[in-house]
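One structure is given here, and the rest of the page talks about it.
Since every read-out is calculated from the coordinates, none of them should be taken as a lab result. Predicted, not measured: the structure shown is a model, and the values here were computed from it. Ideal geometry is used to build each Cβ from the backbone, glycine not excepted, and the neighbour counts take in all protein chains shown.
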Amino acid sequence: MTRPQSDLSLIEEGDTRPGRSYLSEGWTLGSWLGTRDHKRIALLYAASITLFFFLGGIAAALIRIELATPQGDLVSADTYNKLFTAHGVIMVWLFLIPSIPSVLGNFLMPMMIGARDLAFPRLNLASWYLYMLGGAIVLWALLAGGVDTGWTFYTPFSTMFSNSHVVLALVGVLVVGFSSILTGLNFIVTVHTMRAPGMGWFRLPLFVWANYATSLILVLATPVLAMTLVLVAVERLFQVGIFDPALGGDPLLFQHLFWFYSHPAVYIMVLPAMGVASEIIPCFARRPVFGYRFMAYAILAIGVIGFLVWGHHMFVSGQSVYAGMVFSLLSFMVAVPSAIKVFNWTATLYKGRISFSAPMLYALGFVGLFTIGGLTGLFLAALALDVHLSDTYFVVAHFHYIMVGGSVMAYLGGIHFWWPKITGRMYSEAWGRLAAVVIFAGFNLTFFPQYLLGYAGMPRRYHSYPEEFQLLHVLSSAGAVTLAIGYLMPLGYLAWSLRYGRPAPPNPWQATGLEWQAASPPPVHNFAQLPVVARGPYAYHTD
Amino acid sequence: MTVPFHVLPADGAASATRLDSLALCLLLLTGAVALGVLVMMIVFCVRYRARSKADRSHVPSRDLPVEIAWTAIPMLLFLGLYAWGAIDYAALYRPDPAATPVFVVAKQWMWKAEHRNGRREVGQLHLPLGRPVRLVLTSQDVIHSFFVPAFRIKQDAVPGRYTSIGFTPSKAGEYELFCAEYCGTEHAMMTGRIVVLPPAEYGRWLAEGPRQPGMAARGFALFRQYGCSGCHAAGSSVHAPDLTNLLGRRVHLQDGREITADEAYVRDSIYLPRKDVVAGYEPIMPSFAGQIGEEDLLAIIEYIRESGHDPSTERP
């Protein structure tokens, strides 16, 4: 480790005096539920998404236990269908989409740009209440008997054939969607109007760029989801023909509308993860991120092209062959900026002074798993190959590599990296590293066999399956047990650190971001006097 | 046959081998990239670990030629892979004109098939070896997907429309059929058996079984029963389009469009007669939506197809 870079201290003398920490402002229920502090709201989100993560995880565990044997023997077919629907709905809308933006983004964006809060603190709190309301409605739908449509709500099954609590679940997701829109809006306005003096666009940390691009997607795509869900509910409740051909509707219209949101939603999940990796890797390589501008442009390119590839979910749906060709070409093109990012992260390691702290292990794991997830995406983008692989376990493996191997790995990396800042405590480094390794191993054991299953022809969403697939399913289930242990570990040692952890210095990693200039945990208004920024991010020196 | 596991499903169609080559090519290419990235990461992590004394002078923070190179090279490779995938994909949807059509109707939770001579089967599908086949699929309720891993083909069966896909079975045997689009409670049980028989055996199989009229003959009966012949017969006094040789013909529409009449067009013309009105005709045909079932509709379409080809077919 190099000595702290005193010349990087951008805050004038005296302002780094620790003020009253945002945590010492009180522990009454009212001080949390009525807070407008972006840092406290971030913690409200952290607690809620952790709860939902483990609920979704329980559904996943039951699915994997069921699939350990070819027969459908643990739960009934209907229960199985409700389990994978619950797993998908919870993990996508109640965990992944809010995860990095609403927890880490909420906490860090204002600090990284040298602001005292988000532009609209009350709106920020309202977003969390909307999220909780939506989450409660989804839970209600699940407790009332569940939903069996899959998280994709394909019509006309969801509108006319399913006998489960579809409308209730739709309403829950709709409400959570408004929470996303408001958070996105808040971030966009904050980045535009509240950057500290001297903080030009190309001095923004890539984490801010990534969350900014994510916010644009949230604001532009989520309304389409809202409209689509309303149309499904209208058809289901009032038999208005929109998607069901028996009523004069078109089922493919639903898929176009749904994926117009849900494909960009993948980038909502993975762009912030890229932002996290772009903060951690330079810090522990003691090197400025390689090709900063290319990295920023790549984020924007992914955000823009990501809007134009939704039809690659529909190559075998009966859409026109020419539409398929256009969507396939664009899907290959969206892989280019992703490839640029992977190459640049790797190049950032070149001539670095690399230390392997827990956050770095998560970040390197993220790069590896994201690379595999991205490259296998090319198999699915290749039209003729997708005809074989679509709706098989290959797809399941691919998107779990992106969303779990990518986003969850990066989320955990970010939690470890900023834990000292957020809580003012250091966690056990040894446990942190061990958990990163267990999660990495468990993840690969769970999902790599699923690529093989998919190519061998195992369709997804099957409650029972032919015996020839059992070996790979058993491996996958064994991996899931490992992964579950890996995910429970941080819950233990991070909770332990809250009480017994060593108090954290303001900048334990000697990182360069503005957030590290404040005390750990930061004072209520982050900065006593707003910093003046005189250089770009990542001013690390190896020597 | 039970084997512990296999990665490559059996290949039962000509297109399967070609598809496996594309997959292998992608695997080698992406494997090389993944391995390259992994090796570089490991090399850098070891060589430039904090305690190492490796040379760290002249640290680049950006390098435009390198950035351009690793943007352009993947892009060119991607374009090549894209073209390969697109060409093979288009071939699935531009089947041999001589391909035997087989009609598949999906419903919760079974596959029903009908051959042109009227032989029907449920939960299995017999196909001739070495002859191009074109499946015409539809669904009676929700979306299903016809998936035969051994042929490397999959096509959604969508209610309210016809989809089709073509392939040539290249090896006799029995193959698994799965439903690949989630369709409700018994989705996982909506499986079936594909039986590929040598042509002579296939011919025998087609001929046996309960005797019933061929699809076209049944279609002709329905054509009269529903009153279609009242307007569309040659001698009718009603001004209605002639249906002789309709399938495959270019049709000029009232609104200026010109389309090729296929099964989907005929289906729409019966269910939604105002959608594609033929130029020079009044939109006077009533809709038959809700009156003619999917399987009967397919028979009527077969009758219309046959009526052009075979002068001996009884014509109204």
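Here are the numbers for this structure:
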{"quantity": "Under Karplus coefficients 6.51, -1.76 and 1.60, residue-wise ³J(HN,Hα) of the range A:223-240 in Hz, glycine/proline x", "calculated": "x, 5, 4, 4, 4, 4, 5, 5, 4, 4, 5, 5, 5, 5, 7, 10, 6, 7"}
{"quantity": "Cα lying deepest toward the dipole's positive end in the range A:36-517, options A:Ser328, A:Gly303, A:Ala77, charges on Cβ", "calculated": "A:Gly303"}
{"quantity": "Surrounding net charge for A:Ala46, when Lys and Arg each add one and Asp and Glu each subtract one, Cβ distance under 15 Å", "calculated": "+3"}
{"quantity": "The range B:1-119, relative contact order [Cα under 8 Å, separation at least 6], %", "calculated": "14"}
{"quantity": "Pairwise FRET efficiency - A:Val234 versus B:Ala90, Cβ, R0 = 45 Å, nearest 0.05", "calculated": "0.75"}
{"quantity": "Distance from the range B:138-154 to the range A:282-321 (C-alpha centre basis), Å", "calculated": "31"}
{"quantity": "For A:Tyr427, B:Tyr93, order by how many other beta-carbon atoms lie within 10 Å, fewest first", "calculated": "B:Tyr93, A:Tyr427"}
{"quantity": "Amide proton proximity set for B:Ile292, modelled H, under 5 Å, gap of 5+", "calculated": "none"}
{"quantity": "Net +/- balance of residues flanking A:Arg425 in space, Cβ distance below 12 Å, scoring K and R +1, D and E -1", "calculated": "+3"}
{"quantity": "Net +/- balance of residues flanking A:Ala144 in space, Cβ distance below 15 Å, scoring K and R +1, D and E -1", "calculated": "-1"}
{"quantity": "Neighbour count of at most 16 Cβ within 10 Å plus DSSP loop: longest GluC sites (Glu not before Pro)-free window in chain A", "calculated": "A:14-543"}
{"quantity": "Likely footprinting exposure, A:Ile305, B:Ile73, fewest C-beta neighbours within 10 Å first", "calculated": "B:Ile73, A:Ile305"}
{"quantity": "The range B:36-56-the range A:447-495 distance, computed between alpha-carbon centres (Å)", "calculated": "33"}
{"quantity": "Taking B:Ile292, A:Ile415, A:Ile65, A:Ile90 and counting other C-beta atoms within 10 Å, the order from fewest to most", "calculated": "A:Ile65, B:Ile292, A:Ile415, A:Ile90"}
{"quantity": "Inter-chain Cβ neighbour average for residues A:308-315, partner chain, 10 Å", "calculated": "1"}
{"quantity": "FRET efficiency estimate (nearest 0.05) - Cβ-Cβ, A:Val437 to B:Arg47, R0 30 angstrom", "calculated": "0.90"}
{"quantity": "Test item: A:469-476 mean partner chain Cβ contacts at 10 Å", "calculated": "2"}
{"quantity": "Number of partner chain Cβ atoms within 10 Å, mean per residue of B:170-180", "calculated": "2"}
{"quantity": "Qualifying chymotrypsin sites (Phe, Trp or Tyr not before Pro) in the range B:226-305, DSSP loop, other Cβ atoms within 10 Å at most 14", "calculated": "B:Tyr281"}
{"quantity": "Candidate aspartates and glutamates - alpha carbon under 12 Å from B:Lys53, same-chain residues fewer than 8 apart omitted", "calculated": "A:Asp543"}
{"quantity": "3J(HN,Hα) from dihedral phi, the range A:164-178, Karplus parametrisation 6.51/-1.76/1.60, rounded to Hz, x for glycine, proline", "calculated": "10, 7, 5, 5, 4, 5, 4, 4, x, 5, 4, 5, 4, x, 5"}
{"quantity": "Pairs of Lys in chain A closer than 30 Å at Cα, counting only those 8 or more apart or on different chains", "calculated": "5"}
{"quantity": "Sparse-neighbourhood loop sites, trypsin sites (Lys or Arg not before Pro) in the range B:10-75 - DSSP loop, at most 12 other Cβ within 10 angstrom", "calculated": "B:Arg51, B:Lys53"}
{"quantity": "Estimated FRET transfer efficiency (B:Gln225, A:Tyr322; beta-carbon r; R0 35 Å; 0.05)", "calculated": "0.35"}
{"quantity": "Inter-probe distance in nm under a simple model that places probes 7 Å from Cα toward Cβ, at B:Thr244 and B:Gln124", "calculated": "4.2"}
{"quantity": "Antiparallel %, DSSP beta bridges [both residues in the protein assembly as shown], to 5", "calculated": "70"}
{"quantity": "For A:Thr392, residues with placed amide H under 5 Å, excluding near neighbours", "calculated": "A:Arg460"}
{"quantity": "Ranked packing of B:114-125, A:178-189, A:217-228, most packed first, by mean Cβ within 10 Å", "calculated": "A:178-189, A:217-228, B:114-125"}
